[in-house]
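Each remark here refers to the structure printed beneath this line.
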Amino acid sequence: MIADRIDPSAREKRGARPAVAVFIVMMVLALGATGALLFGDLSKQMSGILVILLSIILLLMGIPVGVAMLGAALLGLYSLAGLRVVTSSMKSVAFDSVASWSYSVIPMFILMGMILWKSGLTSNAFEAARRWFGWMPGGLAVATNTAGAVLAASSGSTIGITFALGRVSIPEMLKSGYDPRLAVGSVAAAGTLGQIIPPSLLLVIYAGAASTPVGLQLLAGFVPGLLLAGSFSAMIIIRAMVTPGLAPAVDMSGITWRMRLASLVDIAPIGVVILCVVGGIFAGIFTATEAGVYGMIASLIFGSASMLWRGQGPRDVLIMMRESLLGALTGTAAVFLLIVGIAVLTRAMALSQLPNTIAGLILDLGLGKTELLLLLILVYLFLGMFMDTLAMMLLTIPVLLSPLQAVGVDPLWFGVFLVVMAEVGLLTPPLGILSFVVHRIASDPAANLGRPISLPQVFAGIAPFALTAMAFLLLLIAFPEIATWLPETRLSR
């Protein structure tokens, strides 16, 4: 247009108008819901529905998850029980909801992951996996996925794993002639394993919200996480065999068995951390919190020793510890705000009797366990397109626990199901944050080797992995023992 030629910013201004209009609509809806909760004569169930809707609207407006949930829940409490309940809830919930022994594992897991990352121990995972799996069809993508599983079992940070692998594996795959879509898709899929394989903050938060034992909940995610990683690898191998041009064979003739064994020595510290956390919980030696402490101590010892071995001085080690502690403090504060929000929201949902109403409707419809879970897959796919992972989980847990228990769904099993669905939501557009993280990494010329990778290419590369995760969910529904076997084995010891 002529205006665009005269004023290049005209196009940007015109593109910003729809966003402003949407924000105004969201603001009007939020004010309407707030006014109804404050001054309307509503039924209990309608108050509960408005609380959920207001939370979603606030999230879509960009309000932080914990603040959005807490604000909407407090308005709901006021509507349902008055100001006295609001003040008494804030006096007690703000402390009681986080002053739990089971939640003390959260800062330990965050600190453990920060130390492993800041000390550089995580950087060896991809090279070790490349040496062992690079000879396979699609071997570098399989190595990326395997490294993601290893890092997931030691740090549990989805975005951290994505960044750590993306900067190393994407240029390596592109240099070997891999299709850019497979390269970025395998990195994003590897990142999703971060919250399924323990240590997983999402599983810990779910355990607190659903009142399941933290240790058993973490164990419930271990086998499904490994099987999902295996499913991703199998899909990569099959695609590479069917379409060899997708992932050309890599020359591994220079890799000897001695080099492969040496790579295992490089990642041995990560293995010790995994043994402390998962092995300690399974063997009954540690509680989940104790396992987090010992895992953190192991990561600190090996991380510091690794830095000193590489020629870095004590000052560098102290800087690493300082940065790790600051990261753990800010991360813990953010998670605890979410926990306070869900505690207040759960109280509001209980007073509204909305979960009981939904449970009654489901029973009246005659939906069985399988039908309900298949319906929830569609619901979570939709929510995952527009909502943050934690928001999607925390908003639905208080509402769904009663209906799920009514049809016989094991809460431990559902935690794994929910986290897998939440991680799939990280991949699906338009809000799938991992898609944008990977695109950002791939936009760096140092990563894409001068071959720009568009966002549509990222979405196309992620699609097969999202479909594989969905197929795995169907397998999990058909065989719930995949998630429950390890916790039951632990209980029977």
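Only the coordinates and a few stated rules stand behind these numbers; no lab work does. On a predicted model such as this, the values are computed, not experimentally measured, just so you know. Every residue, glycine as well, gets a Cβ built from its backbone with ideal geometry; the counts of neighbours run over all protein chains shown.
Here are the numbers:
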| read-out | value |
| --- | --- |
| Whole-angstrom gap from region 433-450 to region 333-348, using each part's C-alpha centre | 34 |
| Highest average packing first - 297-309, 259-271, Cβ atoms within 10 Å | 297-309, 259-271 |
| Region 220-233 - phi-based ³J(HN,Hα) in whole Hz, Karplus 6.51/-1.76/1.60, Gly and Pro as x | 4, x, 5, 5, x, x, 5, 5, 5, 4, x, 5, 4, 5 |
| Net dipole in debye of region 107-207 [+1 Lys, Arg Cβ; -1 Asp, Glu Cβ; about Cα centre; nearest 20] | 120 |
| Backbone N under 20 Å from the Lys369 label point (7 Å along Cα→Cβ), restricted to region 211-252 | 211-213, 216-225 |
| Using alpha-carbon coordinates, inclination of helix 314-352 to the longest axis of the chain, degrees | 30 |
| Amide H partners (placed H, <5 Å) of Ala153, local residues excluded | none |
| Three-way shape label, the chain, alpha-carbon gyration tensor, a/c 1.5 | prolate |
| Cα gyration tensor category, rounded, prolate or oblate, for region 197-320 with a/c compared to 1.5 | oblate |
| Residue-averaged [θ]222 nm for the chain, counting only DSSP H segments that reach four residues, each worth -39500 (n - 2.57) | -26000 deg cm²/dmol |
| Full-extension gain in nm, Ile63 to Ser92, via 0.36 nm per residue minus C-alpha separation | 8.0 nm |
| Modelled FRET efficiency - R0 22 Å, Val407 with Lys44, Cβ distances, 0.05 increments | 0.40 |
| FRET E, pair Met470, Ala334, Förster distance 35 Å, beta-carbon r, rounded to 0.05 | 0.75 |
| Those trypsin sites (Lys or Arg not before Pro) in region 90-184 that DSSP places in a loop and that have at most 13 other beta carbons within 10 Å | none |
| Inter-label distance, nm, simple model (7 Å from Cα along the C-beta direction), Phe479/Leu325 | 4.7 |
| Distance between region 47-89 and region 195-245 - C-alpha centres, whole angstrom | 32 |
| Folded to 0 to 90 degrees: helix 354-365 orientation relative to the chain principal axis, Cα | 80 |
| Cα long-axis angle, helix 139-152 against the chain (0 to 90 degrees, to the nearest 10) | 50 |
| Computed over region 107-237: relative contact order in percent, which uses C-alpha pairs under 8 Å that are six or more apart | 27 |
